[in-house]
Amino acid sequence: MSDESTVPGPAAEDSAAVLLTVEEAARRLKVGRTTCYALIKSGELESIPVGRLRRVPLDAPAEYVARQRQASRSAAAV
């Protein structure tokens, strides 16, 4: 029997989740954990405190990418 069946992957994530861990947000953005924390600290990536934890709303990574794309288009148009 393969160990792959016991290791949860991205497909095993809760599809009803509304908040991501910083690590999950980093994986979605294809950046490292430290970079993701830097984006949060600078205010570029939305996050909220949940007790002592930091969570990223499910739509925040997509919103961050959309803002970056818009900024890139604006800079190219000048």
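List, please: which pairs have Cβ atoms under 7 Å, are six or more places apart or on different chains, and start with a residue in region 58-75 that is farther than 12 Å from LEU39 by Cα and end with one that is small (Gly, Ala, Ser) and not in a helix (DSSP H, G or I)?
Once the first residue is farther than 12 Å from LEU39 by Cα and sits in region 58-75, its partners that are small (Gly, Ala, Ser) and not in a helix (DSSP H, G or I) give LEU58/ALA17.
How about region 39-53: which of its residues are over 12 Å from the mean Cα position of the chain (by Cα) and outside any loop (DSSP other than H, G, I, E, B)? Steps first, answer last, please.
Here is the first cut: in region 39-53, the ones over 12 Å from the mean Cα position of the chain (by Cα) are 41-43, 48-53.
Of everything in region 39-53, those that are over 12 Å from the mean Cα position of the chain (by Cα) and outside any loop (DSSP other than H, G, I, E, B) turn out to be LYS41, SER42, ILE48, PRO49, VAL50, LEU53.
Throughout, read-outs are computed from the coordinates displayed, never taken from laboratory work. Computed from a predicted structure; not experimentally measured. Because the Cβ atoms are built from the backbone with ideal geometry, glycine has one as well, and the counts that use them run over all protein chains shown.
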